[in-house]
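My questions will all concern the structure given below.
The values are calculated or read from the model by the stated rules, or taken from the named source; none is laboratory data. Values in this document were obtained by computation on a predicted structure and should not be read as measured data. Don't worry about glycine lacking a Cβ; one is built from the backbone with ideal geometry, like all the others, and counts go over all protein chains shown.
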Amino acid sequence: MDNQTAIINQLKAQSIEPNQIYFQNDFSFFSKKDDSFPSEKLFTSIDNVLESKSSKHFSAKQNVSQIKLNSNYQYNDILTRRRNIIEILYPTEPFETLDDGIHFYVLDEHNQLQKKENFEEVFESPTYIRVEKQHGKVVSIQKRPLTSISHFTYNYWPNQNIKYVQLEKYNNDRQLIYIYKESFDEDGQIIESSQKNMLTQQTMHRVAINKEGIKSIEEYFDNNGILTNRVIYFDKSKPAPQIENKQFNSKGEIIKITGHALDEIFDTAKDLEESYPYNKLIMDVEKTKRVLTTKLFKHTFDKNTLQWDNEAINRAKYLEIKPNQIYYAKLPYAYFSDERYKNFPHQKPLTLIDAENQQPNANYSDLIKFEVGNNYQYKTILKEKWQQIPIDLPLEQFKPLENDIYFFVMDNRGQLTPLENIEQAIKQPSYIRVEKEMGKIISIVKKTRIYKVLNEFEYKDNNLTTSKVSVLESEILPHLIIESKYEDETNIVKYYQIKNAQGVIIRTYNYINEDPLIAVSDRFDDNGVITNHIELRVDLSNGYFYLKNQFFDEKGNVILTIDDSDKKSKDKDDSIIMNARYNHQPYDKFPIFPDHLEQIIFDAYLNQQ
């Protein structure tokens, strides 16, 4: 018995019938016969189980579909609603009297909570709020906004291969915004497809060729039906880039030919806009899954970030972070750009006593102190890395101590001198931490600071303009300073210079981003004399990046050029390079962003151990 027959028999055993409405989780677009039979459990009504299963989904997405099957038990008509699962920062007081379990709400026009009895009552809502209680405590408050509403229609050949599929996308007002169609032959091979953006009235028509070296041809039309581009895709028998894009004017004359594909006429991955007042509810970045927080962080590079700036400010206020006050950061630390939005904090700060011992079993621990400015963005971040070594000491000396945490310094003879508090301890280059619990010493740890690095930031209208990274303590890179400037309204480093302990510029970096030249870095010795000029370039024929490195003598003459795009250059004897006047340093890999230098220092430290 093949898999399809087994699925059909199972559906019949469950009394599933063709042309009836059912519901299921996790439907996705398909173009192969093998995927045309439902493998997910089907429900006869909108059951709370559908909602609960989505809650456990790794992708932080809810996907619930209303479906119909044809007489062969293949998908025929499907209406899919996808939602983001976003944890939010919201007061728990309104939910204190609820029983344990899952509860559903919507917000009315006055931003007031309206309780609903079950999932069915919120199934079609643009957004709903989901509250979960366990053991009398609120453990989760989520908003679940619709991200897409998709209607699929499938038709099949007599051999059950797909003949035709149409996808329609709608907005929250149930207005049609996009149509996609595909046609297949009886063997299941695609013949042609088309797209139409209902908002712009742009269209695209694609025909599969698959002969004489041509895979397919796409034609693009503007809102007046005038041909704007014809794009030919070639197979691997043709040289790169295997794309020919002809651009036409309104008279049908070719005005430009490139080797680049066009952007899609409709961004199918873009989520529907959240409606008010749900779009004012603040994401709990710590609890929301990474796939969604990453999307938030990428808004850093949007042209208009006012919505996200306001949310970030309100998030900081909700977390009780106030301007120009000292706080300690929770670990793991959220790194610049990739893990935080526009340098705003999103974690609730800790007390110093809690922050100091967040990694008790690790060989190395971080202690991070920060301050935000009046804009609620990071003003300063002081980062310290400490080595932690459990040690044995005579326990008799600790007998008089009450249950608590104590701090000491140890002299060269092993004698301990008590410190008044943790604030005194972290000012020392090394200290002893002793913890007593239930009358017993449970931990004695020696902590030694490896580095102390200060990050300072300046802004204009919530946009980062400059930063300064100063190495305050480190045996690896003592007193190094990196001063950076940023592109307007982005977190992209445009320029930086590195100074040594004497204030001499020893490295510079310029972001050019004008093909084929991407960036330039100059390297200098400790006296400020140039040793290298390095260019990061892109090969426009294949999109690969490569370096061109010029070496200079003391008089500024080029004595060697290494060009990664040149085969002869690549084959140069390494001894020639080694003899060139250049002293490689850990910070030579560019570009260097905030939070990057600390990792460079730590890696160099570990390499010396």
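Being buried (at least 21 other Cβ atoms within 10 Å of the Cβ), of a type outside the set (Lys, Arg), part of a loop (DSSP other than H, G, I, E, B) and modelled with pLDDT of 95 or more narrows it down to one of Pro345, Pro323, so name that one.
Pro345
Would region 518-528 turn up any residue that is among the aliphatic types (A, V, I, L, M), at pLDDT below 95 and out of contact with any Pro (no Cβ under 9 Å at 6 or more places or on another chain)?
Checking region 518-528: at least one residue is among the aliphatic types (A, V, I, L, M), at pLDDT below 95 and out of contact with any Pro (no Cβ under 9 Å at 6 or more places or on another chain).
Among residues belonging to region 481-500 that are in contact with a helix residue (DSSP H, G or I) (Cβ under 7 Å, 6 or more places away or on another chain) and either assigned to a loop (DSSP other than H, G, I, E, B) or aromatic (Phe, Trp, Tyr) (or both), point out the one that is surrounded by the fewest Cβ atoms within 10 Å (Cβ to Cβ).
Thr490
List pairs: first residue in region 293-316 and among the polar types (S, T, N, Q), second residue surrounded by 20 or more Cβ atoms within 10 Å (Cβ to Cβ) anywhere in the structure, Cβ distance under 7 angstrom, at least six positions apart or on different chains.
Thr293/Val285; Thr300/Ser337; Thr300/Tyr341; Thr300/Lys342; Thr300/Asn491; Thr305/Lys342; Asn314/Ile282
Taking the criterion of being closer than 28 Å to Leu167 by Cβ, outside any strand (DSSP E or B) and not assigned by TED's automatic domain parsing to the domain that holds Leu176, would at least one residue in region 241-254 satisfy it?
yes
Out of curiosity, is Pro360 outside the structural domain of Pro591 (by TED's automatic domain parsing), loosely packed, with under 15 Cβ neighbours inside 10 Å, in a loop (DSSP other than H, G, I, E, B) and not basic (Lys, Arg)?
yes
Moving on. Would you confirm whether or not region 79-101 contains a residue that is buried (at least 20 other Cβ atoms within 10 Å of the Cβ), of a type outside the set (Val, Ile, Thr) and not in a strand (DSSP E or B)?
No - not one qualifying residue is present in region 79-101.
For region 501-511, enumerate the residues that are assigned to a loop (DSSP other than H, G, I, E, B) and either among the polar types (S, T, N, Q) or within 20 Å of Lys342 (Cβ to Cβ) (or both).
Gln502
Mind telling me which of the residues Val285, Val231 ends up being surrounded by 17 or more Cβ atoms within 10 Å (Cβ to Cβ) and touching a His at 6+ places or on another chain (Cβ under 6 Å)?
Going through Val285, Val231 in turn, just one is surrounded by 17 or more Cβ atoms within 10 Å (Cβ to Cβ) and touching a His at 6+ places or on another chain (Cβ under 6 Å): Val285.
Quick test of your reading of the structure: Arg433 fulfils all but one of (1) of a type outside the set (Val, Ile, Thr); (2) surrounded by 19 or more Cβ atoms within 10 Å (Cβ to Cβ); (3) not assigned by TED's automatic domain parsing to the domain that holds Asp354. Name the failing condition by number.
For Arg433, the failing item is (3).
With the condition kept exactly as written, say whether any residue in region 326-344 is small (Gly, Ala, Ser), in contact with a His (Cβ under 8 Å, 6 or more places away or on another chain) and not assigned by TED's automatic domain parsing to the domain that holds Asn84.
yes
Among the residues of region 299-318, write down those that are polar (S, T, N, Q) and part of a helix (DSSP H, G or I).
Once the filter is applied, which keeps residues that are polar (S, T, N, Q) and part of a helix (DSSP H, G or I), region 299-318 yields Thr300, Gln307, Asn310, Asn314.
Are any of the residues in region 46-59 of a type in the set (D, E, K, R) and free of Cβ contacts under 8 Å to residues at least 40 places away in the same chain?
Yes: one or more hits.
Across region 171-202, what is the number of residues that are surrounded by fewer than 18 Cβ atoms within 10 Å (Cβ to Cβ) and of a type in the set (Ser, Thr, Tyr)?
So the count comes out to 3.
Restricted to region 529-547, and to residues that are free of Cβ contacts under 8 Å to residues at least 24 places away in the same chain and in a loop (DSSP other than H, G, I, E, B), which residue is surrounded by the most Cβ atoms within 10 Å (Cβ to Cβ)?
My answer is Tyr544.
Another question about this same structure. Does Ser150 meet the test of being surrounded by 19 or more Cβ atoms within 10 Å (Cβ to Cβ) and not in a strand (DSSP E or B)?
no
Scan region 457-479 residue by residue and report those that are within 23 Å of Asp522 (Cα to Cα), modelled with pLDDT of 95 or more and either in contact with a helix residue (DSSP H, G or I) (Cβ under 8 Å, 6 or more places away or on another chain) or surrounded by 17 or more Cβ atoms within 10 Å (Cβ to Cβ) (or both).
Result: Ser467, Val469, Ser470, Val471.
Of the residues in region 363-394, how many are in contact with a Pro (Cβ under 7 Å, 6 or more places away or on another chain) and either surrounded by fewer than 19 Cβ atoms within 10 Å (Cβ to Cβ) or in a loop (DSSP other than H, G, I, E, B) (or both)?
Count: 3.
Kindly check whether there is at least one residue in region 582-591 that is surrounded by 16 or more Cβ atoms within 10 Å (Cβ to Cβ) and modelled with pLDDT under 85.
Within region 582-591, one or more residues are surrounded by 16 or more Cβ atoms within 10 Å (Cβ to Cβ) and modelled with pLDDT under 85.
Here is a list: Gln428, Gln424. Which entry is without any contact (Cβ under 8 Å) to a residue 60 or more places away in the chain and part of a loop (DSSP other than H, G, I, E, B)?
Only one candidate passes the filter, namely Gln428.
Quick test for you: out of Val139, Val165, Val131, pick the one residue that is touching a His at 6+ places or on another chain (Cβ under 7 Å) and over 15 Å from Ser275 (Cα atoms). It would help to see each step written out before you state the result.
Details: Val139 fails: touching a His at 6+ places or on another chain (Cβ under 7 Å); Val165 fails: touching a His at 6+ places or on another chain (Cβ under 7 Å).
One residue alone meets the criteria, Val131.
Determine the pairs where a residue that is under 17 Å from Lys61 (Cβ atoms), located within region 116-136, has a partner that is modelled with pLDDT of 95 or more and in a helix (DSSP H, G or I) with Cβ atoms under 6 Å apart, the partner being 6 or more residues away or on another chain.
Final answer for the pair search is Thr127/Tyr278.
How about region 102-141: which of its residues are part of a loop (DSSP other than H, G, I, E, B), modelled with pLDDT of 95 or more, farther than 17 Å from Ile46 by Cα and touching a strand residue (DSSP E or B) at 6+ places or on another chain (Cβ under 6 Å)?
Listed by number, the list is empty, since nothing qualifies.
Can you name the residue in region 19-72 that is of a type in the set (A, V, I, L, M) and outside any loop (DSSP other than H, G, I, E, B) and, of all such residues, is nearest to the chain's Cα centre (by Cα)?
Step one: of region 19-72, the residues of a type in the set (A, V, I, L, M) are 21, 42, 46, 49-50, 60, 64, 67, 69.
Those left that are additionally outside any loop (DSSP other than H, G, I, E, B): 49-50, 64, 67, 69.
Values: Val49: 30, Leu50: 28, Val64: 25, Ile67: 33, Leu69: 38 Å.
Ranking the qualifying residues of region 19-72, first place goes to Val64.
Report whether or not Glu168 is surrounded by fewer than 19 Cβ atoms within 10 Å (Cβ to Cβ), under 30 Å from Ala208 (Cα atoms), modelled with pLDDT of 95 or more and acidic (Asp, Glu). Break it down stepwise before answering.
Working: surrounded by fewer than 19 Cβ atoms within 10 Å (Cβ to Cβ): yes; under 30 Å from Ala208 (Cα atoms): yes; modelled with pLDDT of 95 or more: yes; acidic (Asp, Glu): yes.
Judged against the criteria, Glu168 is a match.
Scan region 1-30 residue by residue and report those that are within 28 Å of Ala269 (Cβ to Cβ) and surrounded by 14 or more Cβ atoms within 10 Å (Cβ to Cβ).
Listed by number, the residues that qualify are Tyr22, Phe23, Gln24, Asn25, Asp26, Phe27, Phe29, Phe30.
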